[in-house]
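Here is the structure we will look at, set down as structure tokens.
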Amino acid sequence: MFKSFQLHHRHIPFRILLSKIISFLGAQKWVCGNWGLFVPIFSLQLALWSWAGTNQLKEFQVFYFADFGSAGDVLEDDPVGRLKVFVYELPSKYNKKILQKDPRCLNHMFAAEIFMHRFLLSSPVRTLNPEEADWFYTPVYTTCDLTPNGLPLPFKSPRMMRSAIQLISSNWPYWNRTEGADHFFVVPHDFGACFHYQEEKAIERGILQLLRRATLVQTFGQRNHVCLKEGSITIPPYAPPQKMHTHLIPDKTPRSIFVSFRGLFYDVGNDPEGGYYARGARAAVWENFKDNPLFDISTEHPTTYYEDMQRAVFCLCPLGWAPWSPRLVEAVIFGCIPVIIADDIVLPFADAIPWEEIGVFVAEEEVPKLDTILTSISPEVILRKQRLLANPSMKQAMLFPQPAQPGDAFHQVLNGLARKLPHDNTVFLKPGEKILNWTAGPVGDLKPW
Amino acid sequence: MSKTCHRDELICVSLSLSLRIDTRIAVAKWKYEKQYMCKSHRDVKVFSTNLKPPPSPTFDLLPSNSKRKLFCYELQTSNQIQTYESSSALGLQLTNTHSVTIYTDKMKLSALQQSYLTRRANSFRGSGQLDSAGDGAVKSPAAIFWLVIHGLCCLISLVLGFRFSRLVFFFLFSASLYTAPFRGGTEIAAPLDGPPPANRTAAVGTASRVVVGRHGIRIRPWPHPDPVEVMKAHRIIERVQREQRTLFGVKNPRTVIAVTPTYVRTFQTLHLTGVMHALMLVPYDLVWIVVEAGGVTNETASIIAKSGLRTIHVGFSQRMPNLWEARHKLESRLRLHALRVVRKEKLDGVVVFADDSNTHSMELFEEAQNVKWIGAVSVGILLHSDESSSMVQMEEEGAVMPVQGPACNATDKLVGWHTFNSLRYTGKSAVYVDDKAPVLPRKLEWSGFVLNSRLVWKDVDDKPEWVKDLDSLNGVDEEIESPLSLLKSTSLVEPLGNCGRQVLLWWLRVEARTDSKFPSQWIIDPPLDITIPSKRTPWPDTPPELPSNDKVLIGTQEQTNKPSLRTKTPRSRRSRSKRKHDTKVIGVQISTHSEQN
């Protein structure tokens, strides 16, 4: 609860003191549980805020809304020695064969599931003795089923996942010990383990029954969403590190574009009317700013896509069908301030990366005022964000490089897993206890894979 | 109590207001609301579509004391109304395309709610809380609202214990954060900065503020950006670029000392103007040393005076010879002369050898800033070779690029030089200035080098030992082929421009014949010959073939410089057909002319 105070304001000691006072007052409310005290305490807090300035307010919100909101040094943690991971040996039809069938999976936004597997196989945190393992990893490539256009279809994923879990639970004793509570799965699909690309369907499905106790490593993140369960680790989507590296241009190249965006505004195929795709936010960007000279926006995907981002001050990262987007990664890598337009998004490694500090958050309904919002940010704040973005550890944490490098996204995932250790007592089931319902869920999911 | 109605193009919203009623949410889809009729027109207030968009997207409509009021909004060609909740007072957005947005708060449009809210499950934080608040507020003021919240939360925290009560508080508190400042004042039209109240499809059932499903496309009524904001954006860009320059640019820029040997000739103005403009664009302090063979002349002085740069114009007694070989030697001496000026004047900076016929990229001057003592850059050599045979030969030999400069290995260490291989031009290159053959560069051109000016100063403490003193060269100036001759060891030359991979300037020699004439300072006075009288326009067709004899062409140059006795027609000298004609006529003229000579 007090973690947020080991944060980035260390250089301003009085801030810390202040936030401690505030948090103490906040904590008092819980302790006494007496709401009669609320009004005086609240007014005292208000006074303190007004004294501390608006930043304090933001910090306060971070503190109250969630326990995550840390920054900086956590990125440099070394997971080695803090956890041991056992990698299940699965038949190659769950992973390698699928990849052989469609090698495009290696360059896809969802390639993290493949690279995570490869990384763990050679990682020093891997243990071959399952008895001493803290975490169990099941290498199953559920999103490597692409249409001819390269879009992943997750229709078979639930059955495949179910089949893999059945396999590990019958061949090893460890699944049944916890029903997956000390297992983690990489599910980088649009809506994670909900395994559907349409949000309504995904919500209807919910997280796959068998994964309800497991820790999910997923790109999807939205607060209070059925497809993001507590304890999940949100990771960045996969962006090709080598390719991005070859497109780097010198830092001194002047950033002369105010706002840059390349991508869809309307998904005419799936949402002919508009307003459903991206909850109308992308369409609003287009309709309001298509003729605005400050906005370099288009649906074209030029070969200079990466270079353009390096020549821009702000890069729009609006939601699409899902709230996350590879632009988040690209913006950080290319030092372009991400303008995140996705209400309630949970960002990758939000407990280690100070997204509030490096990005700009714009509510979806405020898109029509985007120009006002962006131009009213003071240049000093913008320069500060750029300086933070220039931090190499921030960039490193966004990438899945081959081979892995210290502080990269693989290590951040391991750090996240290590921070959950030691396991809670509730993880291990009592003898004879059953929590998961193997027969729940849509009938189609129960068919053998 | 309240009612919503509309006639053809009129939507009327009957509002029942009690003061200090807390926030209500209204969601309207007017096409579903046809069953409601306007009660009366007596107190109908019509806002025409010509309504100017308000400066902020919301504006006041609610008189604070009215008990009951009917509002009508005329709509034009609208096919869709969507209403978004906000935590502030009523606002209306009209666009003449397809959406109308009504923001309400502090009031209840219950009729509208019926249609829409039934579709949505009231979440705990949003609708649930607000519902109870609203009902209470109808009966009594805000105190009761707080009492209800208080009681509710006490109850929940008691029941669910410490851990969950914290969660509840988060949500409550965030709500009170946003609503607290606006409570009590119905007339406050706040910007749309509150979070949308919570509602979610039943499927979700948790307290998220984000609605799944179709949303309107929010289009603002004012299409054009605010010029003040545009200026702000440009200031931001400017500030960002300034920061980039301080972070990644040259830290302490040094003065650029450009050295240009020149002499008066036909193409001097052409070349010197080009290099002058390049120097004028250099974003650093600059001193331009122009060394003129044959002594200082007014022609040169008048050209370089136009630059507005700090210039040092010095003469050199010797005249420019006609042999290329001798010219190159004299040019070296001119440059050494300039270096002596640097030495005498103790000019501090980076010396760049900017020949007047060269073309420079701005990166050259940027790279020059990085030099410690002596740097080398790659020079593109532009040769014209008009004999097709030699072209073929070059292609056969292939791969030899006409580039001079430093050669690096894979680890960016200087390992050698790309020089110009003149062997294949043996016997084919120009010896005299007038020769019709490619002019060859030296092995390594001076212009490919950049020096720290302290290298030629007389007494500098930290001057490296591997450089010769200028004074020690006395008498053997002609043997100095390139700045490398000034060094005792060439291994310390710093390769610039990504280790010589970037060509930063181009070497080109194009000269007119030595006996070609040109108007002094290129001012035509007295007037030239008229070759075609103006009354003969349109021009008669001329035979397409150009004169085959080169002598005639050169003669053209000579001839055009001749003063004429006829009246001038300066306008007519532009057309292409005219020029062809010109050539021919002059060709005829020149033959007679040369006979006269």
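The values are calculated or read from the model by the stated rules, or taken from the named source; none is laboratory data. Just so it is clear, the structure is predicted and the values come from calculations on it, not from any experiment. Here the Cβ positions follow ideal geometry from the backbone for every residue, glycine too, while neighbour counts run over all protein chains shown.
Among the residues of segment A:391-431, write down those that are surrounded by 13 or more Cβ atoms within 10 Å (Cβ to Cβ) and within 14 Å of chain B (Cβ to nearest Cβ).
Correct list: A:N391 only.
As an exercise: evaluate B:R333 against (1) assigned to a loop (DSSP other than H, G, I, E, B); (2) closer than 20 Å to B:I480 by Cα and give the number of the one condition it does not meet.
(1)
Any residue in segment B:204-223 that's at the interface with chain A (Cβ under 7 Å from one of its Cβ atoms): show its pairings with residues that are at pLDDT below 70 and in a loop (DSSP other than H, G, I, E, B) at Cβ separation under 6 Å, as long as the two are six or more apart or on different chains.
These pairs meet every condition: B:A207/B:S123; B:A207/B:A198; B:R209/B:P195; B:R209/B:P196; B:R209/B:A198; B:V212/B:T201; B:G216/B:S99; B:I219/B:T95.
Pull out all pairs, ordered by first then second residue, where Cβ-Cβ is under 7 Å, the residues are six or more apart or on different chains, the first lies in segment A:255-273 and is not assigned by TED's automatic domain parsing to the domain that holds A:S378, and the second is part of a loop (DSSP other than H, G, I, E, B).
Close Cβ pairs satisfying both conditions: none exist.
Being among the acidic types (D, E) and at pLDDT 90 or above narrows it down to one of A:D351, A:D371, so name that one. If you could, list the steps in order and put the result at the bottom.
Values: A:D351 fails: at pLDDT 90 or above.
That would be A:D371, the only listed residue that is among the acidic types (D, E) and at pLDDT 90 or above.
Take the conditions outside any helix (DSSP H, G or I), at negative phi and either over 11 Å from the mean Cα position of the chain (by Cα) or not assigned by TED's automatic domain parsing to the domain that holds A:A440 (or both) and apply them to A:I203. Does it pass?
Details: outside any helix (DSSP H, G or I): no; at negative phi: yes; either over 11 Å from the mean Cα position of the chain (by Cα) or not assigned by TED's automatic domain parsing to the domain that holds A:A440 (or both): yes.
The answer is no for A:I203.
Sort out for me the strands (runs of 3 or more DSSP E) sitting completely within segment A:248-360 that have 1 or more residues that are within 14 Å of chain B (Cβ to nearest Cβ), of a type in the set (S, T, N, Q) and out of contact with any Pro (no Cβ under 9 Å at 6 or more places or on another chain). Break it down stepwise before answering.
On the way: elements: A:257-262, A:295-298, A:312-318, A:337-341.
The strands (runs of 3 or more DSSP E) meeting that bar are A:257-262.
In segment A:88-127, how many residues are in a loop (DSSP other than H, G, I, E, B) and of a type outside the set (A, V, I, L, M)? First the steps, then the outcome.
Filtering segment A:88-127 for residues in a loop (DSSP other than H, G, I, E, B) gives A:88-91, A:95, A:102, A:108-111, A:123-125.
Filter again for of a type outside the set (A, V, I, L, M), leaving A:88-89, A:91, A:95, A:102, A:108, A:110, A:123-124.
Total meeting the criteria: 9.
Is it fair to say A:R177 is at pLDDT 90 or above and either surrounded by fewer than 24 Cβ atoms within 10 Å (Cβ to Cβ) or among the polar types (S, T, N, Q) (or both)?
Details: at pLDDT 90 or above: no; either surrounded by fewer than 24 Cβ atoms within 10 Å (Cβ to Cβ) or among the polar types (S, T, N, Q) (or both): yes.
No; evaluated as a whole, the condition is false for this residue.
Is segment A:196-204 home to any residue that is within 27 Å of A:R118 (Cβ to Cβ), in contact (Cβ under 8 Å) with a residue 12 or more places away in the chain and more than 14 Å from chain B (Cβ to nearest Cβ)?
The answer is no; no qualifying residue exists.
For segment B:313-332, does any single residue satisfy the condition of being under 20 Å from B:R254 (Cβ atoms) and crowded, with 16+ Cβ neighbours inside 10 Å? Break it down stepwise before answering.
First, pick out the residues of segment B:313-332 that are under 20 Å from B:R254 (Cβ atoms): none.
Among the residues of segment B:313-332, not one is under 20 Å from B:R254 (Cβ atoms) and crowded, with 16+ Cβ neighbours inside 10 Å, which makes the answer no.
Is it the case that B:P225 is at pLDDT below 90 and not in a helix (DSSP H, G or I)? Working first, answer last.
On the way: at pLDDT below 90: yes; not in a helix (DSSP H, G or I): yes.
So B:P225 passes the test.
Filter segment B:348-368 down to the residues that are of a type outside the set (D, E), out of contact with any Leu (no Cβ under 6 Å at 6 or more places or on another chain) and crowded, with 21+ Cβ neighbours inside 10 Å and list them by number. Walk me through how you get there before you give the answer.
Applying the first criterion (of a type outside the set (D, E)) to segment B:348-368 yields B:349-354, B:357-362, B:364-365, B:368.
Subset that is out of contact with any Leu (no Cβ under 6 Å at 6 or more places or on another chain): B:349-350, B:352-354, B:359, B:362, B:365, B:368.
Once the filter is applied, which keeps residues that are of a type outside the set (D, E), out of contact with any Leu (no Cβ under 6 Å at 6 or more places or on another chain) and crowded, with 21+ Cβ neighbours inside 10 Å, segment B:348-368 yields B:G349, B:V350, B:V352, B:F353, B:A354, B:F365, B:A368.
In segment B:251-262, is there at least one residue being of a type in the set (K, R), away from every other protein chain (no Cβ under 14 Å), farther than 30 Å from B:R327 by Cα and more than 21 Å from the chain's Cα centre (by Cα)? It would help to see each step written out before you state the result.
In the first step, residues of segment B:251-262 are kept if they are of a type in the set (K, R); the result is B:251, B:254.
Filter once more, keeping what is away from every other protein chain (no Cβ under 14 Å): B:254.
Add one more test, that the residue is farther than 30 Å from B:R327 by Cα, and what stays is B:254.
Subsequent filtering for residues that are more than 21 Å from the chain's Cα centre (by Cα) retains B:254.
Yes, there is a match, as at least one residue in segment B:251-262 is of a type in the set (K, R), away from every other protein chain (no Cβ under 14 Å), farther than 30 Å from B:R327 by Cα and more than 21 Å from the chain's Cα centre (by Cα).
Take segment B:502-527 and flag every residue that is of a type in the set (V, I, T), assigned to a loop (DSSP other than H, G, I, E, B) and at pLDDT 80 or above. Talk me through it step by step, then tell me what you get.
At the first step, the residues of segment B:502-527 found to be of a type in the set (V, I, T) are B:503, B:510, B:514, B:523-524.
After this cut, where a residue has to be assigned to a loop (DSSP other than H, G, I, E, B) as well, the list is B:510, B:514, B:523-524.
The answer is B:V510, B:I523, B:I524.
Going by the conditions given, is A:H411 touching a residue at least 24 places away in the same chain (Cβ under 8 Å) and closer than 30 Å to A:I249 by Cα? Walk me through how you get there before you give the answer.
On the way: touching a residue at least 24 places away in the same chain (Cβ under 8 Å): yes; closer than 30 Å to A:I249 by Cα: yes.
Yes.
Within segment A:107-120, is there a residue that is of a type in the set (D, E, K, R) and within 14 Å of chain B (Cβ to nearest Cβ)? Don't jump to the end; show me each part of the working.
So the first thing to find is which residues in segment A:107-120 are of a type in the set (D, E, K, R), and the list is A:113, A:118.
If we keep only those that are within 14 Å of chain B (Cβ to nearest Cβ) too, we end up with none.
Scanning segment A:107-120, I find no residue that is of a type in the set (D, E, K, R) and within 14 Å of chain B (Cβ to nearest Cβ), so the answer is no.
So, B:E292, is that one touching a Gly at 6+ places or on another chain (Cβ under 6 Å), surrounded by 21 or more Cβ atoms within 10 Å (Cβ to Cβ) and under 24 Å from B:V510 (Cβ atoms) or not?
Numbers: touching a Gly at 6+ places or on another chain (Cβ under 6 Å): yes; surrounded by 21 or more Cβ atoms within 10 Å (Cβ to Cβ): yes; under 24 Å from B:V510 (Cβ atoms): yes.
For B:E292, the condition - touching a Gly at 6+ places or on another chain (Cβ under 6 Å), surrounded by 21 or more Cβ atoms within 10 Å (Cβ to Cβ) and under 24 Å from B:V510 (Cβ atoms) - is met.
Mind listing whichever residues of segment A:388-409 are in a helix (DSSP H, G or I) and closer than 12 Å to A:P241 by Cβ? It would help to see each step written out before you state the result.
First, the residues of segment A:388-409 that are in a helix (DSSP H, G or I): A:388-389, A:392-396, A:409.
Passing the criteria: A:K395, A:Q396, A:A409.
I'm trying to understand the selection: among the residues of segment B:270-306, which are modelled with pLDDT under 90 and either hydroxyl-bearing (S, T, Y) or part of a strand (DSSP E or B) (or both)?
B:Y284
Yes or no: segment A:71-89 includes at least one residue that is surrounded by 12 or more Cβ atoms within 10 Å (Cβ to Cβ), modelled with pLDDT under 50 and aromatic (F, W, Y).
Looking for residues that are surrounded by 12 or more Cβ atoms within 10 Å (Cβ to Cβ), modelled with pLDDT under 50 and aromatic (F, W, Y), one finds none in segment A:71-89, hence no.
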